[in-house]
Amino acid sequence: MTAGRINRLIIVVILGALLAGACNPAPPAVTPQIPTSPTPENTVPSASPSPEPSPTEEVPAVILYARQSADPDLTAALQTELSALAAESGLGFSQAASLSADDITDPVQLVVALPPAEDLSDLAAAAPDTRFLALGFSVLPQADNLVQLGAQAAPVDQQAFLAGYLAAVVTPEWRVGVIHNPGSTAGRAFRNGVVYFCGLCRPSAPPYDEYPLISELEASAGEAEMQAAVDALTVRGVKTIYVAPGVDQEGIYGYIAQAGVNIIGSVAPPAEAEDRWIASIQADWLPAALEIIPGLLQGQVEDVSVSTLALTHRNPDLFSPGRQALVEKLLLDLTGGYIDTGVGQAATGE
C-alpha cells in the first residue's frame with residue numbers, strides 16, 4: 001500500500017469518528033431536585049382554645065375533733081364513716097387532734113367531737129353558724145348549734161351487769177369487786193353479772209371470801225375516804241375492781257393501779273392507769289350519730305338519746321380476743337333484752 005492510500009484511510013477513519021459523535025450527543029447533566037410539599041393557601045396553624053376556668057366553689061367541710069386520748073375504736077369508726085358520708089355529699093373531711101376558733105370558719109359545716117375536749121362549748125359559741133355533735137360528754141351548756149349524745153347515760157344496771165360478767169371472765173378465782181355510790185343499783189347488778197358467769201364463785205385457795213365484794217363511796221368523798229374504799233377491797237384479795245359511773249374522785253384510778261389491781265371503768269383510762277386498764281363500758285354513740293349526721297348536714301338540729309353499750313379501750317394484754325368474743329356475745333344478749341339484770345325497772349338510773 002502506498003503512502004497516499006494510507007493517508008487517505010486515516011482521514012476516512014477520523015471523519016467517521018467525528019460523524020458518529022455528532023449523531024449521538026452526550027446527555028445533558030441533570031441536577032436532582034428536592035420535592036417540596038405545597039403549602040395550602042390560607043392555612044395558618046392555630047392553638048386549641050382553652051376552656052374557660054370555672055370558679056372554685058367553697059365546699060362545706062366536716063371535722064372530726066378527737067384528741068390523742070379519745071376512744072381509739074370510736075375514733076377509727078367515725079373517721080371511716082364520716083369520710084364516706086362527706087364524700088357522698090361532695091364535702092371535704094378532716095380530722096384534728098386540736099382545734100381553735102380560727103379553724104372553724106367557712107367552709108366548715110359540722111364538727112363531731114369526742115371527749116376529752118374541755119373547750120367544746122367555747123368553740124360552739126365562737127362559731128354559731130357551724131353545727132356541733134358531742135358524743136359521750138357529760139352534760140354541756142345548751143346551745144342552739146350543739147347536739148349532745150351522752151346527756152342521758154346508758155342504763156346503769158346493764159353497764160354494771162356487763163362489768164361483773166367481764167370481771168369474772170378475766171380474773172382468776174373470780175376475786176373481783178365494785179365501788180359505787182350509795183343507793184346505786186350498780187352493786188347488785190355487778191354481783192348478778194359475776195354470778196351469771198361463775199355461779200357460786202368459790203375460790204380454791206385463801207382468802208375464802210364470798211366474791212364479788214362491794215364497796216360504797218359518796219360522790220362528795222375526799223381522798224382519805226376514796227383510799228379507804230379501795231383498800232377495803234384490795235386487802236381481801238380483790239384483783240379486779242369495777243369503778244361504777246358516778247365514782248369519779250380524782251386519783252382513784254391511779255391509786256388502784258398502784259395497788260397492782262386491774263380496772264374496769266366507764267371512762268377513758270387515765271395515763272397513770274393504762275397498764276392496769278382492762279376495758280371501758282360506755283354508751284355506744286356510733287349508731288345514733290350515723291343516724292342523725294345526715295340531718296345535721298342538712299341543717300337539722302335535734303337531741304337524741306341512746307342506751308346501747310359498747311366495750312371500748314380494750315387492753316389485749318389483759319383481755320384476750322377469745323374472752324372478748326365471749327363477753328361480746330353476752331353484750332348482744334343483754335342489750336337485745338334476752339338477759340335480765342335482776343334489779344328491776346328502777347335500774348335505769350342512779
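Any read-out appearing in this document is the output of simple, stated calculations on the displayed coordinates, not a laboratory observation. Worth saying up front: this structure is predicted, and the values here are computed from it rather than measured. Every residue, glycine as well, gets a Cβ built from its backbone with ideal geometry; the counts of neighbours run over all protein chains shown.
Among H180, H313, sorting on how many other beta-carbon atoms sit within 10 Å of each Cβ, with the fewest leading, yields H313, H180. Shape class of region 61-149 from the Cα gyration tensor (axes a ≥ b ≥ c, square roots of the eigenvalues): oblate, since a/c reaches 1.5 or more and a/b does not exceed b/c. If you sort the three axes of the alpha carbon gyration tensor as a ≥ b ≥ c, you get a/c of 1.5 or more for region 68-110 and a/b no higher than b/c, which makes it oblate.
By other beta-carbon atoms within 10 Å, ranking Y196, Y255, Y165 with the fewest at the front produces Y196, Y255, Y165. Remark: I104, I179 ranked as I104, I179, counting other beta-carbon atoms within 10 Å and listing the fewest first.
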